[in-house]
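Reviewing the structure listed below.
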Amino acid sequence: MSISYLRLGSAIALGLAAPAFATAAPAPAKKVPAPAAEAAKPMTRTQFLSNVQSRFSTADANHDGFIDSNEVAAAQQRELQQARTAEQQRIGAEFDKLDTNHDGQLSKAEFMAAAPTVTPRQTAQQIIGLIDTNKDGKISLQEYEAGPLGAFNKIDTNHDGTVSAAEIQAAKATPKK
């Protein structure tokens, strides 16, 4: 049994995120937590095997006990169409959410309203606290230069006052602590 056959069997049996026969997956959708009803549940071997057999029966369109290339292609097309439909519904719902005046068009204002808010990661006081080594509530030129100059000195391993291309390369290759 080949590895690809095992993967195909697992995908068929488990009904994993990627369609069992699909050649291309739709663009990844935003991660949405599964409702409690869809959370992972314990499964017996019998239930698992029943799922495998059900998926096989669905793929075996002529019910001859085998899945041939025509049936794989047909299943692939069905699953791709389902994925396209689901993606179109998701995109449509996202558009409807952005189209606040429901005119079927997105204005620049509607589009911009959906943009994430950009905010600083730290307050001014936090930044001053990190750099203000003498704790007087202000940053002097010496304090401001200390961090970048320390980084320069660390990269300038031969301490000649010049950072060479080789020193920069070596610094990039050195794992960060």
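Please treat every number below as a calculation from the coordinates, not as lab data. Because the structure is predicted, anything quoted here is derived from the model rather than measured. For neighbour counting, all protein chains shown are included, and Cβ atoms are generated from backbone atoms with ideal geometry for every residue, glycine included.
Overview of results
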item: Pair-distance profile P(r), taking every C-alpha pair of segment 81-177, with 5 angstrom steps and integer %; result: 2, 10, 10, 9, 8, 9, 8, 6, 8, 11, 11, 6, 2, 0
item: Along principal axes, Cα extents of segment 124-173, largest first, whole Å; result: 39, 20, 11
item: Segment 38-110: C-alpha pair distances exceeding 13 Å, %; result: 77
item: Sparse-neighbourhood loop sites, chymotrypsin sites (Phe, Trp or Tyr not before Pro) in segment 34-129 - DSSP loop, at most 10 other Cβ within 10 angstrom; result: PHE66
